[in-house]
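Below: the structure, in structure tokens.
Derivation of every value follows stated rules applied to the coordinates shown; laboratory data play no part. Here the structure is a predicted model, which means the values were calculated and not measured. Here the Cβ positions follow ideal geometry from the backbone for every residue, glycine too, while neighbour counts run over all protein chains shown.
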Amino acid sequence: MKLNELLAGVGTEPPAGPKHKGDVTGVCHDSRAVKPGDIYVAVPGTKVDGINFAAESVGKGAIAVVAEKDIPEVKVPVFKVTSARKALALIAANFYKKPADELTLLGVTGTNGKTTTAWLLESIAAAGGAQTGLLGTIENRFAGKKLGPTHTTPDPVQLHKTFREMVDLGVDTVVMEVSSHALTQDRVHGLTFRAAAFTNLTRDHLDFHKDMESYFQAKRRLFTDNLSAGGVAVVNGDDTHAVRIYSELRGLKRMAWKFSRSGNGEISAAGVELTSSGIKATLKTPAGDIAIKSSLIGGHNLENILAAAGVALSAGYSRRDVQDGIERVMRVPGRMERVVGRMPGVVALVDYAHTDDALRKALESARAVTRGRLIVVFGCGGDRDEGKRPLMGEAAAELADVPVITSDNPRSEDPDDIIAEIVPGLEKHGLRRMGAAKAKTGEKGYLVEADRSAAIALAASLAKEGDTLLIAGKGHEPYQEVAGEKKHFDDVEEATKALGG
């Protein structure tokens, strides 16, 4: 592709340096991956600026550089832009011949519930005859292919490359999880969504966003910057942040619907039955009533169903499509996923809950299907928001009978230090540390076992008929990251083994 084609619509200043008349053969923003013929986009990073690696990239064969500043030392054209991140998104789209223009994009953002909502929405679209693609936390899949993701939302070059492959293989509709990091970093700049859901906003990623308002403003951008002119925002009517978006869009005469378990919206549910086998309900929608059955467990998954139904209906899918699509989703890996073992009458669930709000919702859902005691195994990730650690301890103390505190992904931190920051939340509610022998007698308290495999086995040893065991935090992840090294670890596998499966 010629440089003038690649830079169309990017808004660059005339280049500094010599002119280049040859073809561009690739787009790159990582100096380590530059190949001869690439254009290098110098993106400012959170720790280092890509401009620092411009000369290195030219030395590897980059034939032009896009940057936010002049770079006199390089001997190739330098195209100056206001935002290198936005430029990267537009350049990547141009390089792959704007594949997103040939796709219907449906988005899902929020702290919790993105993955399940996206899986439900993709299933509904497929039930309606769409050739679907899915981009998200667990996997990227389309046209019979499954690829492991590197991020919830890929970087622009990978994103548009994937879109091009999707279009070439016949995909017409893509459901995307859109993360706050992606919105802040302009990974989806220039994309237009036909409809999008806002599931909720609770404390998370404050190591990156610094405060809740900044976190909210990042999520808001999906609806103010990326929603099509006639697109519909489907937001959680029971979430104060989501209602802010609803009110703003309605004030601008834009389409917005609320979904709500409490009836505070255009989309709600009646006749709800929540059991250990799943969910039955009648959805009340602008298109009419929809009787649904789902294998997913818990009230928070009913919220996800409402969100997915709202986006689907707003995008033109029928009530039958919604009904069939919801019923087809038998499980979402690591989202209140049932674990089959040989302990009769014990319900075991693995869930990705790694924030205090998500843990509360998972525990509330588990409590609703528990006849005996509710046992929870959880920890907190290292090198992430430390402020949520005691809050997760509080959630476990309030809603579980037996909390077992362990490691999540400690990363570079000492697991014992992380556990020590969880404990005050437990003890704030009067719980004290105890051993397994006392736990088996039914005494109230919490247990500590830093080794996650041993903690799961310990929790399983406490379970009796009628009890529920919830293993929270890692969900679908097939690894545990300790001291910077990722090793194979799967909560479902560990729970199956501990339960005699």
Between 0 and 90 degrees, rounded to the nearest ten: what's the tilt of helix 319-328 against the longest Cα principal axis of the chain?
70 degrees
Computed over the Cα atoms of the chain, what is the convex hull's projected area averaged over all directions, in nm²?
23.6 nm²
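Only helical DSSP H runs with n ≥ 4 go in: add -39500 (n - 2.57) per run for the chain, normalise by residue count and round the 222 nm mean residue ellipticity to 500 deg cm²/dmol. Show your work: numbers first, answer last.
Details: 17 runs with 172 residues, N = 501.
Helix contribution divided over all residues of the chain: -10000 deg cm²/dmol.
Would you mind getting me the FRET efficiency between Leu252 and His151? Use the beta-carbon distance for r and R0 = 25 Å, nearest 0.05. Write out the running numbers ahead of the final one.
Values: r = 31 Å, r/R0 = 1.23.
For R0 = 25 Å, the calculated efficiency reads 0.20.
Which pairs, out of Lys219/Lys486; Lys60/Lys86; Lys474/Lys497, put more than 19 Å between their alpha-carbon atoms?
Working: Lys219/Lys486 30 Å; Lys60/Lys86 24 Å; Lys474/Lys497 17 Å.
Long pairs (Cα-Cα over 19 Å): Lys219/Lys486; Lys60/Lys86.
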Given Cβ point charges of +1 (Lys, Arg) and -1 (Asp, Glu) and nothing else, what value in debye, to the nearest 20, does the dipole of segment 328-451 about its Cα centre take?
920 debye
Restricting to Cα pairs below 8 Å that are 6+ residues apart, what does the relative contact order work out to for segment 3-95? Please round to a whole percent.
34 percent
Cβ-Cβ cut-off under 14 Å around His189, Lys and Arg +1, Asp and Glu -1: the net charge is +2
Reachable lysines, given that their alpha-carbon falls under 22 Å from the alpha-carbon of Lys284 and they are not under 8 places away in the same chain:
Lys114, Lys258, Lys293
Test of understanding: ordering Ile267, Ile375 by Cβ neighbours within 10 Å, fewest first, what list do you get?
Ile267, Ile375
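With an 8 Å Cα cut-off and a minimum separation of 6 or more residues, compute the relative contact order for segment 99-328 in percent.
22 percent
Over the chain, calculate the relative contact order: mean separation of alpha carbon pairs under 8 Å at least 6 apart, over the residue count, as a percent. The partial results should precede the final answer.
Values: 1176 pairs, mean separation 53.4, N = 501.
Once normalised by length, the contact order is 11 percent.
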Gyration tensor on Cα atoms of segment 211-273, a ≥ b ≥ c root eigenvalues, a/c under 1.5 rounded, else prolate if a/b beats b/c, else oblate, says oblate
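Once you charge only the Cβ atoms, +1 for Lys and Arg and -1 for Asp and Glu, what is the size of the charge dipole of segment 3-95 about its Cα centre, to the nearest 20 debye?
Details: 11 positive and 10 negative charges, 13 e Å.
Dipole magnitude for segment 3-95 comes out near 60 debye.
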Under the 0.36 nm per residue contour assumption, what length would be gained going from the current alpha-carbon distance of Glu443 and Glu56 to full extension?
133.0 nm
Rank Ala455, Leu469, Ala439 by how far each Cα sits towards the positive end of the charge dipole of segment 438-501 (+1 on Lys, Arg Cβ; -1 on Asp, Glu Cβ) and give me just the farthest.
Ala439
Sorted by chain and then number, the residues having a modelled amide H within less than 5 Å of the amide H of Trp257, at least 5 places away or on another chain, are Ala233, Val234, Val235
Under 5 Å from the placed amide H of Val66, counting only residues 5+ away or on other chains, we find Tyr40, Val41, Ala42, Phe79
Burial ranking of peptide ranges 332-338, 113-119 (average Cβ count within 10 Å, highest at the top):
113-119, 332-338
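Which net charge results for the neighbourhood of Ala118, defined as the other residues with beta-carbon distances under 12 angstrom from its beta-carbon, given Lys and Arg at +1 and Asp and Glu at -1? Display every interim value, and only then the final one.
Details: positive: Lys114, Arg141, Arg335; negative: Glu122, Glu139, Glu177.
My count for the surroundings of Ala118 gives 0.
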For the chain, the longest principal axis of the Cα atoms and the Cα long axis of helix 388-399 enclose an angle in degrees, to the nearest 10, of 30 degrees
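For Ile290, Ile51, Ile39, what ranking results if the residue with the fewest other Cβ atoms within 10 Å of its Cβ goes first?
Numbers: Ile290 22, Ile51 19, Ile39 28.
Ascending Cβ contact count within 10 Å gives the list Ile51, Ile290, Ile39.
Mind scanning Lys361/Lys438; Lys75/Lys161; Lys2/Lys161 and naming the pairs with a C-alpha gap bigger than 21 Å? Write out the running numbers ahead of the final one.
On the way: Lys361/Lys438 28 Å; Lys75/Lys161 29 Å; Lys2/Lys161 18 Å.
Pairs exceeding 21 Å: Lys361/Lys438; Lys75/Lys161.
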